[in-house]
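Asks: Quick one: structure below, then a few questions.
The values are calculated or read from the model by the stated rules, or taken from the named source; none is laboratory data. All values reported here derive from a predicted model rather than from experimental measurement. Cβ coordinates were reconstructed from backbone atoms using ideal geometry, including for glycine residues, and neighbour counts include every protein chain displayed.
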Amino acid sequence: MDQDKQTLEFLKLFVRHEQEIYAYILTLVPHVHDADDLFQDGMRVMWQKFDLFQPGTNFAAWGVQIMRYQILDYRRHQARSKRVLMEDSLFEALMDYMPTIQDDVAVRIEALRKCQTLLDNRAKRILKMRYEHNASVLEIASYLKVSRRHLYHILGQINSALLRCMRRTLAERSLPI
């Protein structure tokens, strides 16, 4: 595979799975800034080792495995400064259990994304303002020229629609919400 194709393939897979990989780190690292550093370092390692990735296999699982080693190294450094919160054996058991939880979360994220595509444009715009741009309820209400109370009502309707859709979608896969 030539360098440009390899770069594009890596970026495509990485962007598709970065939230799952970052979520894995966040569940195991107590400080967000440390998680951010680990994510950046791990991403660099993933790129360096991308030629070892087997196309067609689970990229997220491969990335999580790399992050696992990054986290273990982080914990070794933390142990030297006496900042480790749990025993290594308990932490490793938690690390072993995390991929199971992540598989479930990945299915739920996929279902949520599918359900979001079914929303009307106004609902999508409101969700984008609220959750992607972190706009406050007051800012969104002002932009839409509605009261805060009415916006909370609209958000409740959107959330209810998403919840109903998620329940249907997950029920098709025999998963509880």
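Asks: Quick one: is residue 57 free of Cβ contacts under 8 Å to residues at least 60 places away in the same chain and either at positive phi or of a type in the set (Ser, Thr, Tyr) (or both)? Working first, answer last.
Replies: On the way: free of Cβ contacts under 8 Å to residues at least 60 places away in the same chain: yes; either at positive phi or of a type in the set (Ser, Thr, Tyr) (or both): yes.
Yes: the conditions hold for residue 57.
Asks: Just give me the residues in region 24-43 being under 20 Å from residue 7 (Cα atoms) and surrounded by 12 or more Cβ atoms within 10 Å (Cβ to Cβ), in sequence order. Explain how you work it out, then say what you get.
Replies: At the first step, the residues of region 24-43 found to be under 20 Å from residue 7 (Cα atoms) are 39-43.
Across region 24-43, the qualifying residues are 39, 41, 42, 43.
Asks: How many residues does region 137-160 hold that are assigned to a helix (DSSP H, G or I) and surrounded by fewer than 16 Cβ atoms within 10 Å (Cβ to Cβ)? Steps first, answer last, please.
Replies: If we filter region 137-160 for residues that are assigned to a helix (DSSP H, G or I), which is where we start, we get 137-144, 148-160.
Next cut, surrounded by fewer than 16 Cβ atoms within 10 Å (Cβ to Cβ) only: 137-139, 142-144, 148-150, 152-153, 156-157, 159-160.
Adding up the residues that qualify gives 15.
Asks: Among the numbered criteria (1) closer than 19 Å to residue 109 by Cα; (2) among the β-branched types (Val, Ile, Thr); (3) surrounded by 15 or more Cβ atoms within 10 Å (Cβ to Cβ), which single criterion is violated by residue 15?
Replies: It is condition (3) that residue 15 fails.
Asks: Now a separate question. Answer with yes or no whether residue 122 is in contact with a helix residue (DSSP H, G or I) (Cβ under 9 Å, 6 or more places away or on another chain) and basic (Lys, Arg).
Replies: Numbers: in contact with a helix residue (DSSP H, G or I) (Cβ under 9 Å, 6 or more places away or on another chain): yes; basic (Lys, Arg): yes.
Answer is yes for this residue.
Each row is one residue, and each column tells you yes or no for (1) outside any helix (DSSP H, G or I); (2) touching a helix residue (DSSP H, G or I) at 6+ places or on another chain (Cβ under 7 Å); (3) of a type in the set (S, T, N, Q); (4) modelled with pLDDT of 90 or more.
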residue: 63; (1), (2), (3), (4): no, yes, no, yes
residue: 67; (1), (2), (3), (4): no, yes, no, yes
residue: 85; (1), (2), (3), (4): yes, no, no, no
residue: 111; (1), (2), (3), (4): no, yes, no, no
residue: 129; (1), (2), (3), (4): no, yes, no, yes
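Asks: Has region 70-77 got at least one residue that is aliphatic (A, V, I, L, M) and in contact with a Leu (Cβ under 7 Å, 6 or more places away or on another chain)? Walk me through it before giving the result.
Replies: Initially, region 70-77 is screened for residues aliphatic (A, V, I, L, M), giving 71-72.
Still in the running and in contact with a Leu (Cβ under 7 Å, 6 or more places away or on another chain): 71.
Yes, the conditions are met somewhere in region 70-77.
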